[in-house]
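Shown next, in structure tokens, is the structure this report addresses.
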Amino acid sequence: MAANNRRMSGKKGAQVGSGGKRRRGLEGKGPTPPAEMRKGHAKQRAAQAKSRRAQGRAPQRRGGGKSASELVVGRNPVYEALREGVPATTLYVQQFIDNDERVREALQLAAERGGINLMEAPRPELDRMTNGLNHQGLVLQIPPYEYAHPEDLADAAADEGADPLIVALDGVTDPRNLGAVVRSVSAFGGHGVVVPERRAAGMTAGAWKTSAGTAARTPVARATNLTRALEAYQKAGIVVVGLAADGEVELGELEALSGPVCIVVGSEGKGLSRLVGETCDYRVRIPMPGGAESLNAGVAAGIVLYEAASRRRG
């Protein structure tokens, strides 16, 4: 019987087949789908944004996180912040404060704006809140700023059916420069500003004041890694243009400004960092017949934005 079993073991029995998988694996996948149907393609995002507009749905935003809340201290700084429309949640007023003209003006502005809580607090409490700074009896609390995500800016342009016009700041640490760039982006129809998460200016009260209120309608996005954010823009079809005093292309010769573009502005002293400079598609110089070595970040951004806006109108 054992021998018989050995003879039987050499015979082929029922085999498990492939179910046609091998045959189907040899078949072609058909023609390449159009760009509007390819996942992650810029044209697909534009088509999706158009569909959202047609259906009346707001686009999904990723967001870039929030900053910490901020305190503005002192009678003049508080008054100026309220006058310039800097967002605020609470105005703390010291108990038994000397009610001089500047205090009365600050209280009046807060009341006229509405939505700002007025809180009376003893001096020791204000000393504790401000870590002993000379608050002069007035402390204004600024809410955390809600940053956009870099891709949100490109999506916003797609929602408008426009080519993205974005400014990225590399190593700019003065909030007033950031505010000035935000103001220029707003003036020339740009879609927002990108700043690195670290070692860079953020949307503080100073930036709000310099933006002259335009920060309320011009988004600022925060990138964990600026180089990767620029590479993502390039994959989406956006040309990355870096400003450099020794750039290979002069501003007036750059045709790319008429299309989707991200303008990168470095710090006034150091310019573009090495990695960011190497990532740029073009390094562009602004002609300066007067012989100045460099321009303020806000001024440089304004010049290039004006040139881009002119090309788009023409």
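Points worth noting:
- Taken over the range 181-209, the residue count meeting the criterion of being in a helix (DSSP H, G or I), in contact (Cβ under 8 Å) with a residue 40 or more places away in the chain and closer than 26 Å to Val78 by Cα is 6.
- Being of a type outside the set (A, V, I, L, M, F, W, C), touching a Pro at 6+ places or on another chain (Cβ under 9 Å) and within 25 Å of Val261 (Cβ to Cβ) is a property that holds for Thr210.
- Of all residues in the range 118-157 being open to solvent by 20 Å² or more (accessible area, probe 1.4 Å) and of a type in the set (A, V, I, L, M, F, W, C), the one that is nearest to Ala256 (Cα to Cα): Ala156
- Segments classed as helices (runs of 4 or more DSSP H), wholly inside the range 212-314, with at least 1 members that are free of Cβ contacts under 8 Å to residues at least 24 places away in the same chain, open to solvent by 30 Å² or more (accessible area, probe 1.4 Å) and more than 19 Å from Glu151 (Cβ to Cβ): 274-279, 297-313
- Scanning the range 85-117 for residues that are assigned to a helix (DSSP H, G or I) and either in contact (Cβ under 8 Å) with a residue 24 or more places away in the chain or surrounded by 14 or more Cβ atoms within 10 Å (Cβ to Cβ) (or both) yields a count of 8.
- Selected residue (only one of Lys235, Lys270, Lys209 is more than 25 Å from Arg311 (Cβ to Cβ) and at pLDDT 90 or above): Lys209
- Pairs linking a residue in the range 144-161 that is under 30 Å from Thr89 (Cα atoms) to a residue that is surrounded by 19 or more Cβ atoms within 10 Å (Cβ to Cβ) and of a type outside the set (A, V, I, L, M, F, W, C), with Cβ atoms under 6 Å and 6 or more positions apart or on different chains, are Tyr147/Gly64; Tyr147/Arg222; Ala148/Gly64; Ala148/Pro219; His149/Gly64; Leu153/His191; Leu153/Gly192; Ala156/His191.
- Selection within the range 53-84 - open to solvent by less than 50 Å² (accessible area, probe 1.4 Å), at pLDDT 90 or above and either assigned to a loop (DSSP other than H, G, I, E, B) or not small (Gly, Ala, Ser) (or both): Val72, Val73, Gly74, Arg75, Val78, Tyr79, Leu82
The values are calculated or read from the model by the stated rules, or taken from the named source; none is laboratory data. Keep in mind the model is a prediction, meaning the values are calculated, not measured. Neighbour counts run over all protein chains shown; Cβ positions are idealised from the backbone, glycine included. These accessible areas exclude ligands, DNA and RNA; they are computed on the full protein's heavy atoms, side chains included. Shrake-Rupley method; radii C 1.70, N 1.55, O 1.52, S 1.80 Å.
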